[in-house]
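Report on the structure given below.
The values are calculated or read from the model by the stated rules, or taken from the named source; none is laboratory data. It should be emphasised that the depicted structure is a prediction, and the values quoted were computed from it without experimental measurement. Accessible surface is based on the protein model in full, side chains and every heavy atom, while ligands, DNA and RNA are left aside. Shrake-Rupley method; radii C 1.70, N 1.55, O 1.52, S 1.80 Å.
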Amino acid sequence: MTKAKLLKIVNPLLAVDFLCLIGTALLDDVIPREIYAVIHPVFGYIFAVCLIVHLFLNWSWIKTNYFKKNS
């Protein structure tokens, strides 16, 4: 699978998971504590994995734009 295809999968997952993470954080008083204690950390772990994959797939762009050598 190419980098572009993987990014087309990872980026929407990252965005949706981020929204779910924020949603569970904002609704922590509404969601029963037993459910919140399970789903919020799971969304956090998924977010962390997606973020690492996203950074890995975009590392060459990051190096080019942020780690330029000034000569």
Exercise for review: Filter the range 23-37 for residues that are open to solvent by less than 60 Å² (accessible area, probe 1.4 Å) and not β-branched (Val, Ile, Thr) and give the result.
Suggested key: Gly23, Ala25, Asp28, Tyr36
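Listed here are the residues, each with its yes/no results for (1) open to solvent by 100 Å² or more (accessible area, probe 1.4 Å); (2) modelled with pLDDT of 95 or more.
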site: Val16; (1), (2): no, yes
site: Leu21; (1), (2): no, yes
site: Ile39; (1), (2): no, yes
site: Val42; (1), (2): no, yes
site: Tyr45; (1), (2): yes, yes
site: Val49; (1), (2): no, yes
site: Val53; (1), (2): no, yes
site: Lys69; (1), (2): yes, no
